[in-house]
1. Among 283, 289, 273, which is surrounded by 13 or more Cβ atoms within 10 Å (Cβ to Cβ), closer than 26 Å to residue 133 by Cα and in contact with a Cys (Cβ under 7 Å, 6 or more places away or on another chain)?
2. Within the set of pairs 6+ apart or on separate chains, which have a first residue in the stretch 4-24 that is on the phi > 0 side of the Ramachandran plot, a second that is small (Gly, Ala, Ser), and C-beta atoms under 8 Å apart?
3. Say we look at the stretch 134-186 and pick out the residues that are aromatic (Phe, Trp, Tyr) and under 23 Å from the mean Cα position of the chain (by Cα); which of these is surrounded by the fewest Cβ atoms within 10 Å (Cβ to Cβ)?
4. Quick one: count up the residues across the stretch 192-226 that are part of a loop (DSSP other than H, G, I, E, B) and more than 35 Å from the chain's Cα centre (by Cα).
5. Scan the stretch 51-60 and tell me whether some residue there is modelled with pLDDT of 85 or more, acidic (Asp, Glu) and assigned by TED's automatic domain parsing to the domain that holds residue 233.
6. Which of the numbered conditions does residue 357 fail, given that it passes all the others? Conditions: (1) aliphatic (A, V, I, L, M); (2) modelled with pLDDT under 95; (3) not in a loop (DSSP other than H, G, I, E, B).
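The values are calculated or read from the model by the stated rules, or taken from the named source; none is laboratory data. Every value quoted in this text rests on a predicted model; they were computed, and no experiment measured them. Cβ: placed from backbone, ideal geometry, glycine included. Neighbour counts: every protein chain shown.
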Amino acid sequence: MNTDIEFDYDVTVVGGGPAGLTSALYATRLGLDTLVVNRGGGRAAMMRDTHNVIGVTEETSGNEFLQTAQEQVQSYGGEYRRGFVEDVEAIGGGDGDDADEPDADEAEEAPPGFRVDTGDEELTTRRVVLATGFSDEHPDPPVPRTGMGLHYCLHCDAYMFVDESVYVMGTGDSAAYVAMIMLNFTDEVDVLLRGEEPEWSDDTAEMLENHPVDVIHEEIAGMSKDDDGWLESFEFEDGTVREYKGGFPMYGSDYHAELADALGLDREDSGEVAVDDHGRTSVDGVYAVGDLTPGHNQIPVAMGEGAKCGIALHMDMRAFPRSTDDIADLGPVDESEVPAISPELMATAVAHEGHAAGPREDVADAATDEATADD
């Protein structure tokens, strides 16, 4: 393999949620020069409290959780930037419709890589991880604040509504199913159609008729909240008032898949980017994790996907062991070629409090000097 082509980074992660940051953490700690570009926001950042993440307590907000994760990535030598990636295109041997066209010999030797356009600059990277997620389709007002009577994660928040009055908004099968699922936690569940006709299947309609769920057809005319801002009740256009502690809107997801489509990644019929068990997509060198991919939209699940993706990046990119074919082409591994970690990451690792020998400032300074000289 021709290694003369210089890339700015080994890995560029687009998106700074739990999945993207975990991918970056693993990639960095496994010796890959890694950049995270995050536009901010996202579903995790909206969380008032953190649920179902072992070791993280309820009072931790989404922004606090993400801030700690960003600091962890940076502490190991990963780079984190706020910004918006406008385009990603394949270069060298990478796949994609916009790939450069080297001659046949160069195409065989050039490692896959990508050009990333952040608007402010263009950079090159050997691998790309898409962790851009999705946005929930929001219901029309009047509705309570997110996290104070309006909730988007059944598995995260059902526990909050044990033995409370709950609503589910929506007209499709998912709304009816969530309403029936909530009967596992409370005996007061309504489906709010908000003036629309139900669109669920006949089978779902039969199931719903055989569960103690009320279907409310009228549109919401107003609502009341308590002094803390939590939902207390909805008033409907027919004048009735029904009390609720909270509920779940079920109107679908808007996948942030513009970059995935530009790169020609395969997508599932339901909209998610198709991946293998370690986040590899249909395009060589491109990975996807988190809410952009199929599966449960949960922080621990996203973190697990990010971890497996980071390990896959290491396995796909590590210099050693050198295969028998590469030994035939390149010869045996010379002592001057090891270790394969960059001087910058070496400097950070040997100075880190988690290093096995404790912080080694002498080696860190020497590695830093070498990295500066190379620049």
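1. 289
2. Listed pairs, sorted by first residue: 15/42; 15/131; 15/133; 15/290.
3. 134
4. Result for the stretch 192-226: 5.
5. Looking through the stretch 51-60, none of the residues is modelled with pLDDT of 85 or more, acidic (Asp, Glu) and assigned by TED's automatic domain parsing to the domain that holds residue 233.
6. (3)
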